[in-house]
Amino acid sequence: MNGHELFSYSIFEEQTHLAECELTAFVNAVTELFGPERAEVATHDWLQEADLIDSPPLSMNRNWRSVTIAASARLLTETDVPRTRKSQLRASTDTNVSFIPSFNCVTSSLLV
């Protein structure tokens, strides 16, 4: 394996880990708020949104948080939540998202 292939594989591993962390956090939040049945559907939505990312496959800059935001928007429009609760969820969303270091992440068993 040459240096370029090793670098590419390293990027792939890092991006896979970051995606797993983001998906795990999303699924845990959906499970807590809406239950396990809705979390299963939301997981499929997240994976579909991940497929829509415009980045090249070995890109160093994949924005997994944007995938979560898109899947969350789907969840909110597809879930039968009373209008007042939807407006509370939208109003409480903080757009200033802090970086979550990967060492704080538990690797998901969903993608294994």
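Give the order of 34, 12 when sorted by the count of other beta carbons within 10 angstrom, beginning with the fewest.
12, 34
Under a plain spin-label model, where a point goes 7 Å from the Cα along Cα-to-Cβ, how far apart in nm are residue 33 and residue 9?
According to this spin-label approximation, the distance is 3.9 nm.
What is the fewest-to-most order of 67, 41 by other Cβ atoms lying within 10 Å of their Cβ?
Least to most surrounded, the residues fall as 41, 67.
Full-extension gain between residue 51 and residue 69, please, as 0.36 nm times their residue separation minus the C-alpha to C-alpha distance.
On the way: separation 18, 0.36 × 18 = 6.48 nm, distance 1.41 nm.
Full extension from residue 51 to residue 69 adds 5.1 nm.
Just so you know, all these numbers are worked out from the coordinates, no wet-lab data involved. Treat the numbers as computed from the prediction; the structure is a model and nothing was measured. No Cβ is skipped: glycine too gets one built from the backbone with ideal geometry, and neighbour counts run over all protein chains shown.
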